[in-house]
2 protein chains.
Amino acid sequence: MANKIEQKKIILTGDRPTGCLHLGHYIGSLANRVKLQHECQQNILIADMQALTDHAEDPRLVRESVLQLGFDYLSVGIDPEISTILIQSMVPEIAELTMYYLNLVTVGRLEKNPTVKDEMKQKGFGKSVPAGFLMYPISQAADITAFKANLVPVGADQVPVLEQVNEIVKTFNRVYKTDALVECEALISQTPRLPGIDGKNKMGKSLGNCIFLSDSPDEVKRKVFEAYTDPGHIKVDDPGQIEGNMVFIYLDAFASDRKKVQELKEHYRRGGLGDVAVKNYLVEVLENSLAPIRVKRKELEKDPAEVMKILKRGTERARLVAAQTLEDVKEAMGIIY
Amino acid sequence: MANKIEQKKIILTGDRPTGCLHLGHYIGSLANRVKLQHECQQNILIADMQALTDHAEDPRLVRESVLQLGFDYLSVGIDPEISTILIQSMVPEIAELTMYYLNLVTVGRLEKNPTVKDEMKQKGFGKSVPAGFLMYPISQAADITAFKANLVPVGADQVPVLEQVNEIVKTFNRVYKTDALVECEALISQTPRLPGIDGKNKMGKSLGNCIFLSDSPDEVKRKVFEAYTDPGHIKVDDPGQIEGNMVFIYLDAFASDRKKVQELKEHYRRGGLGDVAVKNYLVEVLENSLAPIRVKRKELEKDPAEVMKILKRGTERARLVAAQTLEDVKEAMGIIY
């Protein structure tokens, strides 16, 4: 009997460089990437071209954030020797693949993508949506298929984008009678979105409610002390509410001593535990994660050129793979001359 | 006083490889290109990526037509040493430029382009228009700006596309505070569109009403004898109509002996000149143009690999220019790492 050797899954993940990464990214994806890099062949895309689809007028933010992402990735423990970190705009094969896929998707289909529709509504785009933004799922199809990725970690809200990616894969393979492209599977994050310190929204760069991985200990402390708790919990002796209380939500996400968190919750509920005490504990818990990241980051920041070199080495490695896919694609289409 | 040396104009022109070229192309653009190549720096684009925007399911036609265009160009007298002939899909910089320009144009603006609207109506696309087709003016902006072309020969119906191209140039230069991109001017063809032998439509590959540059003498003769003349001109002695008579329209376009054509017209009008006689003369006139083209083509067809080499050499030369433009563009955006 033939023994089927299980192939390592190929992951495509990444971020749009529009700022530094925060605790929401850490708990939602970065921590997971540090684990997954040992089990899968992981590609991490710094999606600068995609960031420009709605930041065309602010390329400086995008450029500066590329290096910041590099710092973030390396300081949380992503190992550039086993994960491939790449800069999207430096892999022209992605742009080329996008051009070919654009012909396989109708404008009507793009406009029906629920994820894109929601995002367009949020951004108030309407018909004034940049063409590049409307078609970003096609460009994501190029990102994913360029590396023949079959596993894509996403939030539940991004699933329709992956469905569209797989539609493109199926259409391409059918039209050109090939199996050059590979369908991908969504690896849906089980972690609920981390809310921001304001308690009103998910943690988001544009909302000013983030604790960044790059924040100093003082900033972390200040933000924790600003975080929304229970406005009815005025005196220490008052009974307090856990639900919607950012401090306990963050403790649930980051504290490893579950028993202690449980005790604190009960104490807070029945009264007698002040916000200051719990917040101090949260600072301690967060610093357990953040302090080593910060130390690593400080070290990396001393030599940004070296970090850029690491990103470029990853990009070169990635290009070899993407170039092979592009060749497969062109060969399937029969447009190699 | 400073003497301004006049720079040679830079032309971008070309064709979508979806078949062989015909008399309409010859009179409308090819003959002009043969002249212009001595006055301007001329780039001739074999737009295979653009051809795929509405021929995604028929890449074989596109591939085969690339070489046919090569035969057509060289056999009419385009000199690959002074004109740069290039294959679009082999210049990835064009795809990259397209990606950046996509962010500077709204979907609403694309949908309002009169040329694209007309073509979409003709093709019955509606919302099922491929995304690549809707945005082909953006990809043309990349074609034109890649070579910093400032002169683009077009039919009057294509002027709105060039207006959109110039909008992109202006937006880019304004947003990124640069003069990296160059606006272009339309060189509008003065030749009216040549009708097909059916007399109903312009000569068009998909309409089966063409005389191709690659047609044999027998085919040319057969097609001329099929051409629509005056259905009321039944007997030789009947007076005949010149207006809408394909034979006279072609004579007007191709005959150099204007006096003789004038005499024939008068004779035909008053009666006594049969269709066969005029058609025989038209065959003779067309063969004056077509015979030397056919001889050259036969010679080229003996060594298609050599023709492909010529196209590739042109493409390489073109890439150097496009790569420089892409670098200028990225530098203006500040996304060179």
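Every number in this text was worked out from the coordinates using simple rules, so none of it is lab data. Source: prediction; values computed, not measured. With ideal geometry, Cβ positions are generated from the backbone for all residues, glycine too; neighbour counts draw on all protein chains shown.
Calculate the all-directions average of the projected area of the stretch B:215-298's alpha-carbon convex hull, and give it in nm².
About 5.2 nm², averaged over all directions.
How many angstrom lie between the C-alpha centres of the stretch B:78-115 and the stretch A:276-337?
32
Rounded to the nearest angstrom and ordered from largest down, what semi-axes does the equivalent ellipsoid of the protein assembly as shown get from its C-alpha gyration tensor (root of 5λ)?
After scaling each eigenvalue by five and taking roots: 63, 23, 23 Å.
Mind counting lysine pairs for me in the stretch B:215-298? Cα separation below 20 Å, and the two need to be 8 or more apart along the chain or on different chains.
Close lysine pairs found across the stretch B:215-298: 9.
Dividing the convex hull volume of the Cα atoms of the stretch A:18-110 by its residue count, what figure in Å³ per residue is obtained?
Hull volume normalised by residue count: 137 Å³.
Mind telling me which of A:VAL34, A:VAL175, A:VAL154 comes out most flexible in a GNM of chain A, alpha-carbon contacts under 10 Å?
In the Gaussian network model the winner is A:VAL175.
So how long is each side of chain A along the principal axes, counting just the alpha-carbon atoms, biggest first, in Å?
78, 54, 43
If you take each beta carbon of peptide A:44-52 and count the beta carbons of other chains within 10 angstrom, what is the mean?
2
Relative contact order, percent, of chain B when contacts are C-alpha pairs under 8 Å separated by at least 6 residues?
Reported as a whole number, the value is 22 percent.
Can you tell me the dipole magnitude for the protein assembly as shown around its Cα centre, using point charges on the Cβ only (Lys, Arg +1; Asp, Glu -1), in Debye to the nearest 20?
In debye, rounded to 20, the protein assembly as shown gives about 180.
Could you work out the helix-only [θ] at 222 nm for chain A, with each DSSP H run of four or more residues adding -39,500 (n - 2.57) and the total divided by the number of residues, to the nearest 500 deg cm²/dmol?
-16500 deg cm²/dmol, from helical runs alone.
With unit charges on the beta carbons (Lys and Arg positive, Asp and Glu negative) and the dipole taken about the Cα centre of the stretch B:215-298, which residue among B:GLY272, B:THR229, B:ALA255 sits farthest to the positive side?
B:ALA255
Tell me, B:SER128, A:SER65, B:SER289 in order of fewest to most beta-carbon neighbours within 10 Å?
Ranked by crowding around the Cβ, least crowded first: B:SER128, B:SER289, A:SER65.
Measuring label to label, 7 Å along Cα→Cβ, what does A:SER128 give against each other copy in nm, shortest first?
Counterpart label points of A:SER128 in the remaining copies fall at 3.3 nm.
What ranking of A:LYS298, B:LYS265 emerges when the number of other C-beta atoms within 10 Å of each C-beta is taken as an exposure proxy, fewest first?
A:LYS298, B:LYS265
Along the Cα-to-C-beta direction of B:ASN201, a point sits 7 Å from the Cα; which residues of the stretch B:124-140 have their amide N less than 12 Å from that point?
none
PRE reach from A:LYS235 (point 7 Å along Cα→Cβ): which of the stretch A:255-296 fall under 14 Å by backbone N?
Taking a point 7 Å out along Cα→Cβ of A:LYS235, the residues of the stretch A:255-296 whose backbone N falls under 14 Å are A:271-274.
Rounded to whole Hz and in sequence order, give me ³J(HN,Hα) for the stretch B:49-58 from the Karplus expression 6.51 cos²θ - 1.76 cosθ + 1.60, θ = phi - 60°, writing x for Gly and Pro.
Values, residue by residue: 5, 5, 4, 6, 4, 10, 9, 4, 8, 9 Hz.
Under the convention of a label 7 Å out along Cα→Cβ, give the distances in nm from B:GLN7 to the same position in every other copy, shortest first.
5.0
Among DSSP beta bridges lying fully in the protein assembly as shown, give the percent that are antiparallel, nearest 5.
Taking every DSSP beta bridge within the protein assembly as shown, about 15 percent pair in antiparallel fashion.
For chain A, give the share of DSSP beta bridges that are antiparallel, in percent and rounded to the nearest 5; count only bridges with both residues there.
Within chain A, antiparallel bridges account for around 10 percent of the total.
Which whole number gives the average count of other chain Cβ atoms within 10 Å of the Cβ atoms across peptide A:131-138?
Per-residue shielding by partner chains comes out at 6.
Connecting C-alpha atoms closer than 10 Å in a GNM of chain B, tell me which of B:LEU264, B:LEU12, B:LEU21 has the biggest fluctuation.
B:LEU264
When a footprinting reagent is the concern and you count Cβ atoms within 10 Å, what order do B:SER139, A:SER216 take, fewest first?
Ascending number of Cβ neighbours within 10 Å: A:SER216, B:SER139.
Would you work out the charge dipole size for the stretch B:110-256 about its Cα centre, treating the Cβ of every Lys and Arg as +1 and the Cβ of every Asp and Glu as -1, and quote it to the nearest 20 debye?
For this selection, approximately 620 debye.
Dipole magnitude of the stretch B:215-298 about its Cα centre, charges +1 at Lys/Arg Cβ and -1 at Asp/Glu Cβ only, in debye to the nearest 20?
380
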